[in-house]
Amino acid sequence: PVHVSLYGPQVTTPGIANGDGTVQAAVTMHNDTAISKKVTVETTVLDKNNNPVSGTEVSSLVTVPAQTEKTVILEPSVSSPVLWSPENPYLYKLKTVIRNEEGELIDEYHTTFGYRYINWDANNGFSLNGEYVKLKGVCLHHDQGALGAVQEREALYRQLIILKDMGCNAIRTSHNSASRVLIDLCNELGILVMEEFFDGWDVSKDANVNGFNKYFLEEIPSTSSAIGAHGQK
């Protein structure tokens, strides 16, 4: 009933450009019960072999109100972390554990992430981890031919391996937010992603009178289901 919210913690590494391996983990917990619950949160960073490479950060006792969410921020740290790159797509995991007042484990969630930092320069272009990189990629539509639009991991893996072997190090998604499957595979294989939200904005495309452009400038009412739990639009 009390668990890590959908999609898990938000993981960032804000100091990595300066060599600081601190992970900022914003852990949101959801309480499905009709009464408030008190829990503790633990976060530990694991390497690619699932060995702990940070100390365990533990929150104080947190009260999660009934039928709502509560977010805590914990900051485990890794000494001299390996940086993610297309040549070496090294990934870590953030292990998040929630315990009740008695110390019993009630939920566990693993979030995969990599240490990397990027920059854009008007004169020199894109850099990754302090080194300028040429983006050599394709615009990839999400469909898989006769297999249709379902994002089958094996089919996507085959497609991405072919592109990687061809020399591709980047993908621009085509007019849609990418599936979680594609993002996970690109992280694993070492492929940069330029994720396109949509390409119509407030202008119609191909005489499509019912595209998102029709609603782009519309104000979303506060009662709409499109408003998230924290008021995001």
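Every number here is computed from the coordinates shown, using simple stated rules; none is lab data. Please read these numbers as outputs of a predicted model, since none were measured by experiment. All Cβ positions, even for glycine, are placed from backbone atoms using ideal geometry, and neighbour counts span all protein chains on display.
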(request) As a check on your grasp of the helix formula, calculate [θ] at 222 nm for the chain: sum -39500 (n - 2.57) over DSSP H runs of n ≥ 4, divide by the residue count, round to the nearest 500. (result) -3000 deg cm²/dmol
(request) Report relative contact order for the chain in percent, whole number only (criteria: Cα-Cα under 8 Å, sequence separation at least 6). (result) 14 percent
(request) Hey, for a label at Ser127 modelled as a point 7 Å past Cα toward Cβ, could you say which residues of the stretch 64-108 have their backbone N under 20 Å away? (result) 81-88
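For a protection proxy built on the mean count of beta-carbon atoms within 10 angstrom, sort 124-131, 145-152 highest first, please.
124-131, 145-152
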(message) Using DSSP to call loops (not H, G, I, E or B), can you name the GluC sites (Glu not before Pro) in the stretch 77-114 whose Cβ has at most 12 other Cβ atoms within 10 angstrom?
(response) Glu87, Glu101, Glu102, Glu104
(request) Compute the distance in nm between two label points, each set 7 Å from the Cα along the Cα-to-Cβ direction, one at Asn88 and one at Ile106. (result) 4.2 nm
(message) If I stretch the segment between Gln24 and Phe212 completely, what's the gain in nm (0.36 nm per residue apart, minus their alpha carbon distance), one decimal?
(response) 64.2 nm
(request) Would you indicate which of [x] 1.06; [y] 0.98; [z] 1.01 is the value of Rg/Rh (Cα atoms, Kirkwood Rh) derived from the coordinates of this structure? (result) [z]
